[in-house]
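Quick notes on the structure that follows.
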Amino acid sequence: MDRKPPAAYFDHAAAAPLLPEALEAMRPFFTDHFGNPQSIHRFGIEPARALEEARARVASLIGESSTARIVFTASATESNNLAVKGIARSLAAKGNHIVVSAVEHASVMSPARTLEREGFEVTEVRVDKYGTVHPGELEKSFHPGTVLAAVQHASNEIGTVQPLAELAAACRRHGVLLHSDGTAAVGRIPVDVGALGVDSYAFPAQSFYGPKGAAALWLRSGVRPRSLVEGGIQEKGRRAGTENVPAIVGMGRAAEIAALNLAAWSAHMARLGGRLLAALPERVEHIILTGHPEHRLPGHVSLCVEFVEGESMLLFLEDEGFAVASGSACTSKTLKASPVLLAIGLPHSVAQSSLMLTLGKDTTEAEVDRFLEKLPPIVERLRSMSPLYAKYQRGEDPYATPESSCEGGH
Amino acid sequence: MYSEKVMEHFRNPRNVGEIPDPDGIGEVGNPVCGDMMTFQVKVRDGRLADVKFKTFGCGAAIAVSSMVSEMALGKTIEEALRITNADVAKELGGLPPNKLHCSNLGADALHKAIEDYLARERQKRPAGECRCPYCAEPVHPAEKFCQPCGVTVDNCRKCGKPLPRDAFECPECGAARAEEEEKED
């Protein structure tokens, strides 16, 4: 290639660029204000002040006025671990049954499996074809021993936004606490934890252009998870260890900017995402849009391009400068198809053909249009070498499973 | 992630497509990840005169198919059957460890296409006729190797028909291979 095509970043669910204002706010805490916020002497004063300022800003982004309910962690994964394991363990005397939706992230699923090994009973609640958890289904899974449910606010993979307020109301009726992973939602849609009625809520700074290494867990008053990291009294003993002050300060500044700009960012992402969702099925045949058609995140485009495997599309798209993701088994390090795509009822071969585009506040219309122009020839090229497409064209069932060849490989 | 050679084959795959009237077809799929590969072969004088593939799979799967087709083209049936998954990965300058399973599909699909060809040939020939198990050309029962493809031909002790090298039993009469019988003794 003579000249590399310009890069277009459509993978904000994986990582987002840092706001320059956040970087500026962080800088002094690497140098002049390196002190420990727990210190009594003068070096501890500014870090301690900045930490609490960040806590107020982060709380405010999710509609919380009290700073007492925000626990800072290092990642949304850690926040989810603290919520699921910490809350369930704290309520073990009351009951040993927890419920998780079938579309939860691994940072909720794996802790649930750990609890199962510790003697908890775990129920997975199924979702409909859009990946929506129905309050009735959730309630059906409850029994007198149920203490905790976990349902994400929105799906990073298929963009579906859950009816979280209704789910929370259902939980409340049964005295079950509801934890929600807000990673995909915060920074894309307005969040008010009080109005939603959840009991805990996890989200990372990366969701709104803050730095990696900072995240939060919001806890309703009275919800006291058992600490996973024990030691000092940082975060009121709920998360020991010297605070990552620069990252938390960056998270606070990013939250402040996100709160001011969210409406504009959302509208921009919704417009460009809507353009893709409308145009893609017109430009390429046999596209299945995944997730809910209306209740979805702005700027989130998820689809399956039938008869074409995801990673092969990703590689050709990368050659054209596009950074996108796929739920294909081939792109995952574990070589397992996305559990979310299987949970919404897609066969393995279709799940293999998934693409996920997560646009950002800086995505341009020109980038979106260039994608619409570049994708069809890539799909056409890969379909011309796809045995599934050949079968489809011959009128055969492309998804009939042939004799297996490498059972031993798994 | 991938070597330059893998990316080169992925971007410019050789021998993609279908043969209008193939002599053998092999299709393999991985039920776990959903990948699928089909190989078609045309055989002339005991050699693979044409090899075509279609693949639904990742970059590694496409590169592997392309490399297998390139390695197999022009080879004798016996040589082509000796191509292993490890050979393919090696020719490609290595594959990421978690992608090695993709290379398994490649040689398997090729071998299946050749086996399909051999099965068709066995059906075609009149009962009692002796043919090489690799190139399907006629072989005299007394001959120790096949003239057209050069493979050493072992004969079944019971019915006298030629045996494929790695067969444990005679494909014609079902008798166990000589060495196996000896081992049991």
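Tabulated results
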item: Looking only at segment B:102-145, and only at residues there that are within 14 Å of chain A (Cβ to nearest Cβ) and at pLDDT below 75, the one that is nearest to residue B:58 (Cα to Cα); result: B:102
item: Exclusive hit being touching a helix residue (DSSP H, G or I) at 6+ places or on another chain (Cβ under 7 Å), over 29 Å from residue A:134 (Cβ atoms), assigned to a loop (DSSP other than H, G, I, E, B) and assigned by TED's automatic domain parsing to the domain that holds residue A:354, set A:316, A:307; result: A:307
item: Residues (without any contact (Cβ under 8 Å) to a residue 12 or more places away in the chain and either away from every other protein chain (no Cβ under 14 Å) or in contact with a strand residue (DSSP E or B) (Cβ under 6 Å, 6 or more places away or on another chain) (or both)) located in segment B:82-101; result: B:82, B:90
item: Every pair of residues 6+ apart whose Cβ atoms lie under 8 Å, when the first sits in segment A:69-97 and is without any contact (Cβ under 8 Å) to a residue 60 or more places away in the chain and over 11 Å from residue A:224 (Cα atoms) while the second is assigned to a strand (DSSP E or B) and charged (D, E, K, R); result: A:96/A:121; A:97/A:121
item: Matching residues, segment A:315-334, being in contact (Cβ under 8 Å) with a residue 40 or more places away in the chain and within 11 Å of chain B (Cβ to nearest Cβ); result: A:316, A:319
item: Yes/no for residue A:55 being surrounded by fewer than 20 Cβ atoms within 10 Å (Cβ to Cβ) and in the same structural domain as residue A:242 (by TED's automatic domain parsing); result: no
item: Hits in segment A:286-314 - residues which are under 27 Å from residue B:7 (Cβ atoms), away from every other protein chain (no Cβ under 14 Å) and buried (at least 21 other Cβ atoms within 10 Å of the Cβ); result: A:301, A:302, A:303
item: Of residues in segment B:57-87 being surrounded by fewer than 20 Cβ atoms within 10 Å (Cβ to Cβ) and among the acidic types (Asp, Glu), the one nearest to residue A:389 (Cα to Cα); result: B:70
item: Matching residues, segment A:360-390, being over 30 Å from residue B:53 (Cβ atoms) and either touching a Phe, Trp or Tyr at 6+ places or on another chain (Cβ under 6 Å) or facing chain B (nearest Cβ under 10 Å) (or both); result: A:361
item: First in segment A:385-396 and in contact (Cβ under 8 Å) with a residue 40 or more places away in the chain, second anywhere and aliphatic (A, V, I, L, M), Cβ under 7 Å, 6 or more apart; result: A:386/A:308; A:388/B:36
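The values are calculated or read from the model by the stated rules, or taken from the named source; none is laboratory data. Computed from a predicted structure; not experimentally measured. Cβ sites come from the backbone with ideal geometry, for glycine too, and all protein chains shown count toward neighbours.
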